[in-house]
Amino acid sequence: MEKNSSVHRVILEEYGVPNAAEYSNLQANELWNFEKFKENLKIRVVKESQDGRELEFDLIGCSAALANAFRRILLSEVPTMAIEKVFILNNTSLIQDEVLAHRIGLLPLRADPRLFEYPSNPGNEEEEPSDQDTLRYEMKVTCTWNPQAPKDSRRPDDIYRNNNVYSRDIKWTPIGRQAELYPKGEEQLGMLEGDILVCKMRPGQEIHAFMHAVKGIGKDHAKFSPVSTATYRLLPDIKLTRPVKGEMAELLKNCFSPGVIEIVKNKKNGIENREAKVKDPRYDSCSRNVFRYEDLKDCVQLSRVPDHFIFTVESVGALPPSALFLEAVKILKTKCKTFIEEIDSIE
Amino acid sequence: MGRLAELAGDEDTGDRCRTFVFQDEGHTLGNALRSIVSRYPEVLFCGYTVPHPAETKMHFRIQVSNGRAIDVLRKGLEDLEKVCDHTSKTFEAAWESYKSEHVA
């Protein structure tokens, strides 16, 4: 296998990765040099989804340890607000109190966690919640018969009122100075999605509850996680080692994800020629499907760029993904700072 | 405070070898820090472990050829901090340029 010394690649063969040990990140291949890191690190934002909740960017020139630290922090250490306590005054629906409370806890909130403090003394039931660390919500829904129900209709949505309880039925209520601090409270602090089904009811049943939301992190409970997913993958690289033409080109194209291989048509001496070319390896799934065909096996070299991370952050919605990544970096920095101070206090 | 502890070293190596115990930390900080500290020239060995999954503790061991292990740990943390600062700056710049290209 030819190997260019200046270009590092993780090589994907039919069975396994022959040079995996080189990139295991266990041995130190090079001395640490911050200036060099500065030179090598590149970040390029690739795309943001229409709704602004998904962000894809390239993190180039850093170690997997760092990329993984940011990913782990995004998942479990960047804070958000979520409902932590549910005070049930009345619940005559079929769903049990504790199950209902759990479902309510999982509802995503719109509130920006950076505006609030962590709860000062968790576990203290007696103390009044402070407007600095707690958001209060109320839900009061009663299911009734619909007096204007169309005749002969048997559909629950026609004959009952409030038979479905949605997250939009939960309303924010200000405490302390919150009413003046957040004049647009409901849009700023309310439910992120209005159409999440919380429970179903029948006439005569009622739910009346108060809720307290606090700031927390995903490590404590997944409901506090600000992202649905945060992942990274290495940039794939595909090289054709010899020309692939005609029927084989078509077959080769089908071995990869759509858009990875293109077929170039050219006319030479009146005969139409089709040749496969690598168009864009970025979104290849690296399925290694080519290796299933004996006659295509030796035409390609599949590999990945070991220090090019395609990072995808999918926010739940309280904060935009770009802000979340910056928060994650800040949290790693705070960790370092804390422990530098700890060293100072030991010595 | 009190989130960092030091395990006793032995007489032969003195200050050169130490295991530090990080309270409430895990692979996130452990691996990131190790990836930097293990690349210092004076470091003979650097490794981390989370001894038990139910205990939120991370053990970080440093052995150096000369100097003190604790100074190397401090240097590692300072370097990681600089790395974070630079990452933040680079990301902000990348985000700004993406925004300016895609607003129009």
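Read-outs throughout are calculated quantities, based only on the coordinates presented, and are distinct from any laboratory measurement. Note that the coordinates shown come from a computational prediction; the quantities given were computed from them, not determined experimentally. Positions of Cβ are generated from backbone atoms using ideal geometry, with glycine treated the same way; all protein chains shown enter the neighbour counts.
Which aspartates and glutamates does A:Lys267 reach when only Cα atoms under 12 Å apart count, and residues fewer than 8 places away in its own chain are ignored?
Answer for A:Lys267, where 12 Å is the Cα cut-off: A:Glu275, listed by chain and number.
For the protein assembly as shown, would you read off the P(r) tail past 27 Å as a percentage of all alpha carbon pairs?
Tail fraction, whole percent: 67.
Quick one: if the Förster radius is 25 Å, what FRET efficiency do A:Lys245 and A:Glu13 give, using the C-beta to C-beta distance and rounding to 0.05?
0.55
Tabulate in residue order the Karplus-calculated ³J(HN,Hα) for segment A:201-215, using 6.51 cos²θ - 1.76 cosθ + 1.60 with θ = phi - 60°, rounded to whole Hz; enter x for Gly and Pro.
Rounded to whole hertz, the list is 9, 10, x, x, 8, 8, 10, 9, 8, 10, 10, 10, 9, 10, 8.
How high is the FRET efficiency between A:Leu94 and A:Glu262 when r is their beta carbon distance and R₀ equals 41 Å, given to the nearest 0.05?
0.10
Is there a quick way to get the dipole size of segment A:52-103? I mean about its Cα centre, with the Cβ of Lys and Arg at +1 and of Asp and Glu at -1; what is the value in debye to the nearest 20?
Its charge dipole is roughly 60 debye.
Give me the distance in nm between label points sitting 7 Å out from Cα along the Cα-to-Cβ direction at A:Trp145 and A:Arg114, one decimal.
With each label placed 7 Å out from Cα toward Cβ, I get 5.4 nm.
Could you sort A:107-113, A:177-183, A:156-162 so that the peptide with the highest average Cβ count within 10 Å comes first and the rest follow in order?
My ranking of the peptides, most packed first, is A:107-113, A:156-162, A:177-183.
So which DSSP H runs in chain A come out at 20 Å plus along the axis (Cα) with average Kyte-Doolittle of at least -1.0?
Span-like helices, by this rule, are A:321-346.
Hey, what do the phi angles of segment A:110-116 turn into as Karplus ³J(HN,Hα) couplings, whole Hz, using 6.51/-1.76/1.60 and θ = phi - 60°, x for Gly and Pro?
7, 4, 7, x, 5, 7, 10
How far is helix B:69-103 tilted, in degrees, relative to the longest principal axis of the Cα atoms in chain B, given as a value from 0 to 90 rounded to the nearest 10?
Here the helix axis deviates by roughly 10 degrees.
So what are the ³J(HN,Hα) numbers for segment B:13-26, from phi and the Karplus equation (6.51, -1.76, 1.60; θ = phi - 60°), rounded to whole Hz, Gly and Pro as x?
Computed from phi, the couplings for segment B:13-26 are 9, x, 7, 6, 10, 8, 10, 9, 10, 9, 7, 6, 10, x Hz.
Quick one: net charge around B:Thr56, please, counting Lys, Arg +1 and Asp, Glu -1 for every other residue with C-beta under 15 Å from its C-beta.
So the environment of B:Thr56 carries a net charge of 0.
Calculate the dipole size of segment A:216-320 relative to its Cα centre from +1 charges on Lys and Arg beta carbons and -1 charges on Asp and Glu beta carbons; express the result in debye to the nearest 20.
Here segment A:216-320 has a charge dipole of around 180 debye.
Suppose every Lys and Arg Cβ carries +1 and every Asp and Glu Cβ carries -1, with no other charges. What dipole size does chain B come out with about its Cα centre, to the nearest 20 debye?
120
Return the subset of A:Lys200/A:Lys223; A:Lys140/A:Lys330; A:Lys47/A:Lys330; A:Lys277/B:Lys89; A:Lys36/A:Lys333 for which the Cα-Cα distance in this structure is over 29 Å, preserving the input order.
A:Lys140/A:Lys330; A:Lys277/B:Lys89
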